[in-house]
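The values are calculated or read from the model by the stated rules, or taken from the named source; none is laboratory data. This one's a predicted model, so the numbers in the text were calculated from it and none came from an experiment. All Cβ positions, glycine included, derive from the backbone under ideal geometry; neighbour counts span all protein chains shown. Keep in mind that these areas ignore ligands, DNA and RNA; they rest on the heavy atoms of the full protein, side chains included. Shrake-Rupley method; radii C 1.70, N 1.55, O 1.52, S 1.80 Å.
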Amino acid sequence: MKVHILDDWFDTLRGLPCFSMLAGHDVTVWTDHEPDPGKLATRLQDADALVLFRERTAIGAKLLEQLPNLKLISQRSVYPHVDVDACTRHGVLLCSNMHSGTPSYAAAEMTLALILASYRQIPEQVASIRAGRWQAGVGRTLRGRTLGLYGYGRIARAVAEYARAIGMEIQWWSSEEGRARAIADGETVADNREAFFATSDVVSLHVRLKPTTRGIITADDLAAMAPRSLLVNTSRAGLIETGALETEIGRGRIHAAVDVFDTEPLRDTSHVLLTHPNVLPTPHLGYVTEDEFDLQFSDIFEQVNAWARGAPIHMINPGVFG
């Protein structure tokens, strides 16, 4: 099979153990990002299978209609960037392992790292010592502070475990069903939504982005946060009402540590989330570790091989194969 892999920006996959799973296939790895569907289609004309690097490239009808040879898209986790109906219309099977029960520990670790780095002013302190100025200010201690986790899922529960290890108090908010599960597990759930935002020193978002959760964090939620509190988002930018975080940050009341943005890659160096001193921005690093890549792409490459054997797995639109 002719297999094309998109958006492997640092040419990482070829050096991982899982890459051997593609032995015998004709593999092309693209190490840049091509957003234009027409130009991308030219690159992918001979592709039988397309491997996606999470949500780095959107797959829509305009691209698919120019790829008559394409039969399989293989990826992992949620797929809001893939037009499944268009895949079905064009006879393209989408396979995606939803990895039920397996949290992204890399994303949980990144969340804790952002909290620590923000509270201890690590980027500013590093810049100061490199400039010959020694200390640049005074950070804050996390022990005894309250971490509010929005979303009662696998990653959030891993973050809670890490945060408890450094002495933080944990409270939760989620959907009604999520809150019920948290209470049944003996966890502390805030009395109401406003109290959750108002009494959390740190609020961290851990919700999947789908139509029902887009914009679920509102301007009123952010306004309810206490001065100097910290909002952390390692999930998806679309969870926050459009423009709400930028507006609240512009007021200078709260802090934010953000790993996800409405536009990615974000290269607008004048963007408030990149320039404001209250924001610690990182370029979507939550899942970006060699270990996580090897785990994820083992699943993705196994889907390619299963399709080649005529027995596809983790089918999202199985009617295409049937």
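Could you grab me the full set of residues in the stretch 16-26 that are over 13 Å from residue 300 (Cα atoms) and either hydrophobic (A, V, I, L, M, F, W, C) or free of Cβ contacts under 8 Å to residues at least 40 places away in the same chain (or both)?
16, 23, 24, 26, listed by residue number.
Is at least one residue of the stretch 102-113 outside any helix (DSSP H, G or I), in contact (Cβ under 8 Å) with a residue 24 or more places away in the chain and under 30 Å from residue 69 (Cβ atoms)?
Here is the first cut: in the stretch 102-113, the residues outside any helix (DSSP H, G or I) are 102-104.
Restricting the remaining residues to those that are in contact (Cβ under 8 Å) with a residue 24 or more places away in the chain gives 102-104.
Still in the running and under 30 Å from residue 69 (Cβ atoms): none.
Within the stretch 102-113, not a single residue is outside any helix (DSSP H, G or I), in contact (Cβ under 8 Å) with a residue 24 or more places away in the chain and under 30 Å from residue 69 (Cβ atoms).
Mind listing whichever residues of the stretch 285-322 are out of contact with any helix residue (DSSP H, G or I) (no Cβ under 7 Å at 6 or more places or on another chain), assigned to a loop (DSSP other than H, G, I, E, B) and either β-branched (Val, Ile, Thr) or modelled with pLDDT of 95 or more (or both)?
288, 309, 310, 311
Does residue 158 satisfy being touching a helix residue (DSSP H, G or I) at 6+ places or on another chain (Cβ under 7 Å), among the hydrophobic types (A, V, I, L, M, F, W, C) and either closer than 24 Å to residue 98 by Cα or open to solvent by 10 Å² or more (accessible area, probe 1.4 Å) (or both)?
Values: touching a helix residue (DSSP H, G or I) at 6+ places or on another chain (Cβ under 7 Å): yes; among the hydrophobic types (A, V, I, L, M, F, W, C): yes; either closer than 24 Å to residue 98 by Cα or open to solvent by 10 Å² or more (accessible area, probe 1.4 Å) (or both): yes.
In short, yes.
Can you pull out every residue in the stretch 271-294 that is farther than 17 Å from residue 121 by Cα, touching a residue at least 60 places away in the same chain (Cβ under 8 Å) and either of a type outside the set (Asp, Glu) or out of contact with any Cys (no Cβ under 8 Å at 6 or more places or on another chain) (or both)? Step through it out loud before you land on a result.
Our first condition is that a residue be farther than 17 Å from residue 121 by Cα; within the stretch 271-294, this holds for 271-272, 283-294.
From the residues that got through so far, the ones that are touching a residue at least 60 places away in the same chain (Cβ under 8 Å) too are 285-294.
Within the stretch 271-294, 285, 286, 287, 288, 289, 290, 291, 292, 293 meet the criteria.
Quick check: anything in the stretch 126-138 buried (at least 16 other Cβ atoms within 10 Å of the Cβ) and at pLDDT 95 or above? Outline the logic, then answer.
So the first thing to find is which residues in the stretch 126-138 are buried (at least 16 other Cβ atoms within 10 Å of the Cβ), and the list is none.
For the stretch 126-138, residues buried (at least 16 other Cβ atoms within 10 Å of the Cβ) and at pLDDT 95 or above: absent.
Got at least one residue in the stretch 175-186 being open to solvent by less than 50 Å² (accessible area, probe 1.4 Å) and under 30 Å from residue 82 (Cβ atoms)?
Of the stretch 175-186, the ones open to solvent by less than 50 Å² (accessible area, probe 1.4 Å) are 178, 182.
After this cut, where a residue has to be under 30 Å from residue 82 (Cβ atoms) as well, the list is 178.
Yes, because at least one residue in the stretch 175-186 is open to solvent by less than 50 Å² (accessible area, probe 1.4 Å) and under 30 Å from residue 82 (Cβ atoms).
Using the structure shown, decide if residue 231 is surrounded by 17 or more Cβ atoms within 10 Å (Cβ to Cβ) and within 13 Å of the chain's Cα centre (by Cα). Reasoning before the result, please.
Working: surrounded by 17 or more Cβ atoms within 10 Å (Cβ to Cβ): yes; within 13 Å of the chain's Cα centre (by Cα): no.
No, not satisfied.
Go through the stretch 111-162 and give me each residue that's touching a Leu at 6+ places or on another chain (Cβ under 6 Å) and of a type in the set (S, T, N, Q).
Correct list: 118 only.
Scan the stretch 66-86 residue by residue and report those that are over 16 Å from the mean Cα position of the chain (by Cα), closer than 18 Å to residue 2 by Cβ and not β-branched (Val, Ile, Thr). Quick ask: steps written out before the conclusion?
Our first condition is that a residue be over 16 Å from the mean Cα position of the chain (by Cα); within the stretch 66-86, this holds for 66-74, 83-86.
Among the residues that remain, those that are also closer than 18 Å to residue 2 by Cβ are: 66-74.
Selection gives 66, 67, 68, 69, 70, 71, 72, 74.
Residue under question is residue 247, and the condition is that it be open to solvent by 10 Å² or more (accessible area, probe 1.4 Å), out of contact with any Pro (no Cβ under 8 Å at 6 or more places or on another chain), under 20 Å from residue 77 (Cβ atoms) and polar (S, T, N, Q); does it hold? I'd like the intermediate steps shown before the answer.
Working: open to solvent by 10 Å² or more (accessible area, probe 1.4 Å): yes; out of contact with any Pro (no Cβ under 8 Å at 6 or more places or on another chain): yes; under 20 Å from residue 77 (Cβ atoms): no; polar (S, T, N, Q): yes.
So residue 247 fails the test.
So which of 40, 50, 16, 6 is modelled with pLDDT of 95 or more, touching a strand residue (DSSP E or B) at 6+ places or on another chain (Cβ under 6 Å), on the phi < 0 side of the Ramachandran plot and not β-branched (Val, Ile, Thr)?
Unique residue meeting the criteria: 50.
Name the single residue that is farthest from residue 105 (Cα to Cα) among those in the stretch 261-289 being more than 16 Å from the chain's Cα centre (by Cα) and open to solvent by 80 Å² or more (accessible area, probe 1.4 Å).
That would be 270.
Would you check which residues across the stretch 244-270 are of a type outside the set (A, V, I, L, M, F, W, C), touching a residue at least 12 places away in the same chain (Cβ under 8 Å) and part of a loop (DSSP other than H, G, I, E, B) and list them? Before the answer, list the steps.
First, the residues of the stretch 244-270 that are of a type outside the set (A, V, I, L, M, F, W, C): 246-248, 250-253, 255, 259, 262-265, 267-270.
Filter again for touching a residue at least 12 places away in the same chain (Cβ under 8 Å), leaving 246-248, 250, 252-253, 255, 259, 262, 264-265.
Listed by number, the residues that qualify are 252, 253, 259, 262, 264, 265.
Is it true that residue 164 is basic (Lys, Arg), touching a Pro at 6+ places or on another chain (Cβ under 9 Å), open to solvent by 60 Å² or more (accessible area, probe 1.4 Å) and more than 30 Å from residue 322 (Cβ to Cβ)? Let's see the steps before the verdict.
Details: basic (Lys, Arg): yes; touching a Pro at 6+ places or on another chain (Cβ under 9 Å): no; open to solvent by 60 Å² or more (accessible area, probe 1.4 Å): yes; more than 30 Å from residue 322 (Cβ to Cβ): yes.
No, not satisfied.
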